[in-house]
Amino acid sequence: MTQRITKAVIPAAGLGTRFLPATKAMPKEMLPVVDKPAIQYVVEEAVRAGLTDVLMITGRNKNALENHFDRVTELEYTLEAKGDTAKLQKVNESTDLADMHYVRQGDPRGLGHAVLRARMHVNEQPFAVLLGDDIIDERDVLLTRMLEEQEKRDASIVALLEVDPESIHLYGAAAVEPTEEADVVRITGLVEKPAKEVAPSNYAVIGRYVLKPLVFDILEHTHPGKGGEIQLTDALMEMAGDVEGTGGVYGVVFRGRRYDTGDKLDYIKAVVQLAADRDDLGPEFKPWLAEYVAGFDRI
Ligand code: UTP
């Protein structure tokens, strides 16, 4: 019997070293993407998919994350007194979004270790994991599709994105077999950050997972892997094997828009793309951007 999934786990305890010094005193998940922290896009996505119970795995600088999803009475009071309902609504959006819970990771010993910290809260039911620095465009559906497949197959599901072979070394790469569904593949193997010569495919694992609770048992005995960290990929690899009771691992191939806000260049691209698409900013921003880019020819 499959159970309806209600819980989302968002690991946000990484050190964010690629973004120093911005992340010295602030988690990278709090970096603004136009006018909202990246993490708010991610929580909104979970809620859109019906997952309103959100557990965030936090690290040092956890206060900024907790405060963002909490009330700020002083600000509310001032805006109310001014009658500025539009801004007041913006302040309250993140407060009323979901039923938020927090757990500390302690030492950042890897994504697998962060997910294991969710065990007490999640218990014995399947759950979703959304990485706090990976944004899926709200116009494209991914998580709902993954939840459907989890329910149908009673398996664990990862999100896959076909990437340029030159970039596969930045991701976990999947060896796959086709299934009866055009956008679903069965995962037969996974390699964390492979060189392009040995990558089993160009299918990269991106930051959305729907996992069976069995993953916790596996993570308990998963040894540190690549980079000395406890890798979620290693636990998934074990689940993808022919071990009875795992249900296997399947990949939903995503062909929509995804923004990696943990990487500097991708972060800049995300801000530009999302700002250009906004009704309130796009009409002024796009002509300016076009003129700015046209200026490159003259340099
Ligand atoms: P990353 O590897 O992108 O995060 O982890 P990082 O280590 O913070 O980044 P850099 O390379 O130093 O810049 C992917 C996701 O897993 C979380 C991160 O917060 C991010 O959302 N994570 C990673 C944890 O929660 N705990 C960890 O121990 C490692």
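What follows is calculated from the coordinates using simple rules that are stated; it is not laboratory data. These figures come from a predicted structure and were not determined experimentally. Positions of Cβ are generated from backbone atoms using ideal geometry, with glycine treated the same way; all protein chains shown enter the neighbour counts.
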(message) At 7 Å along Cα-to-Cβ for each site, give me the label-to-label distance between residue 107 and residue 290 in nm.
(response) 5.5
(message) If I fit a long axis through the Cα atoms of helix 85-95 and take the longest principal axis of the Cα atoms of the chain, what angle between them do I get, 0 to 90°, rounded to 10?
(response) 20
(request) Please report the relative contact order for segment 1-108, taking Cα pairs under 8 Å with a sequence separation of at least 6, and give it as a percent rounded to a whole number. (result) 34
(request) Measure nothing but the geometry: give the 0 to 90° angle between the long axis through the Cα atoms of 264-277 and the longest principal axis through the Cα atoms of the chain, rounded to 10°. (result) 60
(request) May I ask for the angle, rounded to the nearest 10°, between helix 282-294 and the longest principal axis of the chain, with both axes built from Cα atoms and the value confined to 0 to 90°? (result) 80
(request) Counting residues in the chain as N, plug N into 2.2 N^0.38 Å and put the Cα Rg over that result. (result) 1.04
(request) Find, among the GluC sites (Glu not before Pro) in segment 93-186, those assigned to loop by DSSP (not H, G, I, E, B) with at most 15 other beta-carbon atoms within 10 angstrom. (result) 124, 138, 180, 181
(message) Per DSSP helix of 4 or more residues, -39500 (n - 2.57); summed, then divided by the residues of the chain. What does that give at 222 nm, rounded to the nearest 500?
(response) -10000 deg cm²/dmol
(request) Restricting things to alpha carbons, find the Rg to Rh ratio for segment 50-177 using the Kirkwood radius for Rh. (result) 1.03
(message) Are there any GluC sites (Glu not before Pro) in segment 213-269 that are in a DSSP loop and have at most 14 other Cβ atoms within 10 Å? List them by number.
(response) 244
(request) Could you work out the relative contact order of the chain, using alpha carbon pairs under 8 angstrom and six or more residues apart, expressed as a whole percent? (result) 21
(request) Only Cα pairs under 8 Å and at least 6 apart count here; give the relative contact order of segment 190-299 as a rounded whole percent. (result) 14
